[in-house]
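What follows is a short report on a single structure.
The values are calculated or read from the model by the stated rules, or taken from the named source; none is laboratory data. This one's a predicted model, so the numbers in the text were calculated from it and none came from an experiment. Note that each Cβ is placed from the backbone with ideal geometry, even for glycine, and that neighbours are counted across all protein chains shown. We work out accessible area using only protein heavy atoms, side chains counted, and drop any ligands, DNA or RNA first. Shrake-Rupley method; radii C 1.70, N 1.55, O 1.52, S 1.80 Å.
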Amino acid sequence: MLNETQEKAVKELYQDYQRNVKPLIYYVERKYHRFPKSLLNEIRDVFDHLSRCYCTDIELGIENTDKEKYINDNIDKAENHFTRIKLDAYKYVNDFKERDFKKWKRKYSKYDLQNIDNGVFWENILQLEELGEELFSLAKAKESKNIEEAYELFVKSTEKYDEIEDLIRKKQKLILKAKMKYRRISFVNTFFTFIIGIVTGVIASIIYAEMIQPLLR
C-alpha cells in the first residue's frame with residue numbers, strides 16, 4: 001500500500017497529465033497527424049513505473065522493508081518521464097508554431113506591414129521572433145545538463161510565438177488593409193504596364209508604316 005505522501009504524489013502526476021500533458025499531446029497529434037513514437041515510449045514508461053507502485057512484494061520479488069524506497073524511486077522516475085514528455089511535446093509545439101509563423105511571414109512580408117502603428121507592430125514581431133529563437137537555442141543547450149531548466153526555456157520560447165499570434169490577431173484589420181492596398185497598387189501597375197505596352201506597340205507600328213516601310217520599297 002502507498003502511504004499518504006506517495007498517494008498525493010501519484011495523484012498530482014495524474015492531474016499533471018490531464019492539465020498539461022494531454023492538451024500538449026492533442027496539439028502535437030493534430031498537427032503531426034500521427035502520434036510521435038518518442039512521446040508514446042515516454043508515456044508507456046510513466047505508467048509502467050506507476051503500476052509497479054501497486055504490485056505486491058511477491059510480484060516484485062523484494063523485501064517488505066525495501067517497498068517504500070522502491071515506490072518512491074518509481075514515483076521519481078515517473079515524474080522524470082513526465083518532464084521529458086512535456087519537454088519533447090513543447091519541442092514539437094515550438095517547431096509547428098515557428099513553421100506556421102515563417103510561412104505567414106513569407107506570405108505577408110510583401111505587404112506594407114512596416115507602416116502599421118508607425119512601424120512598432122513589425123518591430124515587435126521581429127523582436128519576439130528573435131527572442132523565441134534565442135530561448136529555443138538556450139533550451140537545446142541545457143537539455144543534456146538540466147532537463148527542468150530546459151523545459152522552462154522551451155515553454156518560454158513557445159510563449160513568444162503565442163505572443164506573435166496574439167499581435168497578429170489584434171492587428172488583423174490593419175493587416176487586411178495593407179493586403180488590399182498592395183493588391184490595388186499591383187492592379188494599377190499591371191494596368192499601366194498593359195496600356196504602355198499597347199501604346200508602345202501602336203507607336204512602333206506607326207513608325208514602321210510611315211518611316212521604315214517606305215525605305216524598304
Original post:
Roughly speaking, what is the stretch gain from K102 to N146, that is 0.36 nm per residue apart minus the C-alpha to C-alpha distance, in nm to one decimal?
Top reply: 12.9 nm
Subject >> Rounded to the nearest 10 Å², the accessible area of L135 at probe 1.4 Å >> reply: 30 Å²
Subject >> Ranked by how many other beta carbons lie within 10 Å on average, peptides 25-38, 84-97, 156-169 from highest >> reply: 84-97, 156-169, 25-38
Original post:
Expressed in nm to one decimal, what extension gain is obtained for the pair D117 and T193 from 0.36 nm per residue of sequence separation less their Cα-Cα distance?
Top reply: 24.1 nm
**OP:** Work out how much length Y26 to Y70 would gain on full extension: take 0.36 nm times their residue separation and subtract the Cα-Cα distance, in nm to one decimal.
**Re:** 12.6 nm
